[in-house]
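The values are calculated or read from the model by the stated rules, or taken from the named source; none is laboratory data. Keep in mind the model is a prediction, meaning the values are calculated, not measured. Cβ sites come from the backbone with ideal geometry, for glycine too, and all protein chains shown count toward neighbours. For the accessible areas, the whole protein counts, side chains as well, though only heavy atoms, and no ligand, DNA or RNA atoms are used. Shrake-Rupley method; radii C 1.70, N 1.55, O 1.52, S 1.80 Å.
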Amino acid sequence: MHQHHACGCGKPRASHAAAKPLCQIPQSRPLTLSIHAATPVTPDSAGCCCDSNSSPGNDADEESDRRRVGTLPYSWQVSGMDCPGCARSIETAVQQVAGVTEARVLFSSEKLVVNADSDVRQAVEQAVKKAGFQLSTQTETAADGPRWQHNRMLIALALLVLASSLLSHFAPLWGDRLFIVTTLIGLFPVARSAWQRLRSGSPFTIETLMTLASAGALIIGAHAEAAMVLVLFQLGEQLESYAASRARSGVTRLMALRPESAVRLEQGRRSDVPLAALQPGDQIEVAAGSRLPVDGRLITPLASFDESALTGESLPVTRSSGEKILAGATSIDRLVTLEVVSKPGESAIDRILQLIEEAETHRAPVERFIDRFSRLYTPLVMLLSLLVMVVPPLLGAGEWQPWIYKGLTLLLIGCPCALVISTPAAITSGLAAAARQGALIKGGAALERLSSLRMMAFDKTGTLTVGKPQLTGILRFGETGEAEMLALSAAVEQGATHPLASAIVAAAAARNLAIPAARDQQVQAGRGITAVVNGQPIRLLTPTQMTGLTAQQTEQITQREAAGETVVVLTRNGEALGALALRDQLRSDAIAALQALKKLGIESLMLTGDNPRAAAAIARQLCIEYRASLLPADKVAAIAELSQQQPLAMVGDGINDAPAMKAATLGIAMGSGTDVALEAADAALTRNQLSNLAPMIVLARRTRRIIRQNLTIALGLKAVFLVTTLLGLTGLWLAVLADSGATALVTANALRLLRNRS
């Protein structure tokens, strides 16, 4: 069945919506680095951040439900988190507050987002403080003291341990007593934190394990080791803090791309204003070497920009007046004037940050498994530790003190920090690296599916082709002249922004034709479009929907389609006046992009609503298979069939591609696609660059490989020390060092994803 749109592309008239360069995520305020009091979030913005079950189809219902029940969303900036385990402790504490319906900590941006049915700001702040964490402000963050002040406990304990060791050589009794004092000094803040976490609903934390192990070591007389354990614990905490900040570096670098203010032009006067004051239509100036603070349309006739921060393209690009430039791009060679086109909080940088934050609500299956496993792992190890302390002595297998010592060592092996951070550190780094390369991936689950792809299906118009077809010829079937035919066709398509419709209107305008008014426009999806012009019914039909053509006319259409052109037939009062032939051009990087995918073992397939002959001409140039004359439902059926055979991604840009994207293993949207396509997709290319597909898959596969390496490191080290501890080969301080070392190793391994690789 070969059915087409009136324009010949198979896309419904609804897809004639204006395209936008990036995912249009609703957001009512600019993202900020840190805040002091809770910031109420409007329902529109809360739907994206907080609801992991939201979908494009039911957003409106969910928002109306929120307003009806009076749910209030708030957000805070949290400081003091070293690993995702800390984030879990905060969530647990806040969820116990009366009135809170949902609490989520976004570890990558250190943000706490809470939904509540009443004003719970004070109660939430108290719960967070009770759990041992703080709400920070931008001023407080900037006013933090030198680095040594953050490490003062570590420095003090290290000096005390050194003094105790030296004193033990001259006065063993006093040296041992100083070890006890050192242990008590180091144990006090750890025990206080353990008590705070216990009261807030998180009993199985590293602080609890350290408190039990250090106190037990004091009781059995291992004073020096108890002190050394606390020194190594403080060292591990600092390593984790550093590792966490590095893991967030991809996000903070993106935030750094956005200046805090802009130079606005008003009646010839220049004024420095905050970004929140800029509105679409304002004019701003950006100096050479400076970054664009918002998305803008270039007013300056010609300028060069470095867009590598958003697109991954290292070479500067030249833009002319009227072209849209995304926030974060750098003006290379001159002072430029632009018209603001994005609302506050909705620039390209804002939307990327929003997507990265949202990504944490779409965790990979392996990450969810590790999270559940770690919740059971620590109490099980604590139970094993207790059994090691008690059972062997009761069975006469040795003295109490050696087995108690082994049990205390096992307690430290029960710390799940390295295990918990192994997956999210890799995923956060992978998502940040992808954003820098020009690809937005919506969460760890999408990243994991991306790594398993074996086939990609592509829409044709606007995806494999530029999406800017041109009129190549007019076929006359009667006495009506070409000018009149083109004017009638433009009248029917007037006002549409679909590529083929725009090409017809542009061709008429280029010939300075007077386009008559049309009324009663009606789209027949996949078949054609009708309108009344000058009192006569005018129709644009696909050739398969046209009856009564002569053999000669059919032959003319066939020849055009065989050459790769799309043909639409024009009728008036049911009589065929002629046909318009249009041709779209392949993207300049399409052939190379598909060849790169083939080298990765990924097959390519074209799915299009265009006629089979035009599709075949494009497919021959690309050396890929194709299926033509597909309606949106046909694309979904084809994707469902192929997905059963192997993991498959659908790449598209139009509204008619959205159902197929949802049916595929993974949906990938072109950056200039319609909002519906971008919303339905699991990933998006920030620019229309198919060349970004292969690097995106390579990055996803690297991320999966690093996650496996991290899990091997985290679990492998614990397994080794479990055995060596039971055999009496390792003690308390080595167990702590192994845990801290494993955390540092898995984080450093994950950060390798942020390195640029050709």
For GLU625, solvent-accessible area (1.4 Å; no DNA, RNA or ligand), Å²: 130
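As a test, work out the antiparallel percent of DSSP beta bridges whose residues both lie in the range 544-630, rounded to the nearest 5. Numbers along the way, then the final one.
Details: 7 of 10 bridges.
Approximately 70 percent, going by the DSSP bridge assignments.
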Protein chains only, probe 1.4 Å: how do ARG572, ARG708 rank by accessible area, largest first? ARG708, ARG572
What trypsin sites (Lys or Arg not before Pro) in the range 466-559 are in a loop by DSSP, with at most 16 other Cβ atoms within 10 Å of the Cβ? ARG511
Phi angles of the range 550-557, converted by Karplus (6.51 cos²θ - 1.76 cosθ + 1.60, θ = phi - 60°) into ³J(HN,Hα) in whole Hz with x for Gly and Pro, give 6, 4, 5, 5, 4, 5, 4, 5
Of LYS111/LYS442; LYS442/LYS718; LYS635/LYS662; LYS460/LYS662; LYS460/LYS598; LYS460/LYS635, which ones are farther than 22 Å apart at the Cα? LYS442/LYS718
In terms of modelled amide H atoms, which long-range or inter-chain residues lie less than 5 Å from the amide H of SER118? LEU72
Sorted list, accessible surface of protein heavy atoms, 1.4 Å probe, largest first, for TYR405, TYR74 is TYR405, TYR74
In a shell of Cβ-Cβ distance under 15 Å around VAL97, excluding VAL97 itself, what net charge do Lys and Arg (+1) and Asp and Glu (-1) give? 0
In what order, largest first, do PHE188, PHE133 sit by accessible area if the probe radius is 1.4 Å? PHE188, PHE133
In the full protein assembly as shown, how much of LEU235 is accessible to a 1.4 Å probe, in Å² to the nearest 10? 70
Could you tell me what percent of the accessible area of the range 517-664 is made up of carbon and sulfur, with a 1.4 Å probe and every protein chain present? 47
Neighbourhood charge, 9 Å Cβ-Cβ cut-off, centred on LYS324 and excluding it, Lys, Arg +1 and Asp, Glu -1: 0
Please give every one of the lysines within straight-line cross-link reach of LYS343, meaning a C-alpha to C-alpha distance under 17 Å, and leave out same-chain neighbours fewer than 8 residues apart. LYS20, LYS324
Given a 1.4 Å probe and the protein chains all in place, what does the accessible area of LYS324 round to, in Å² to the nearest 10? 70
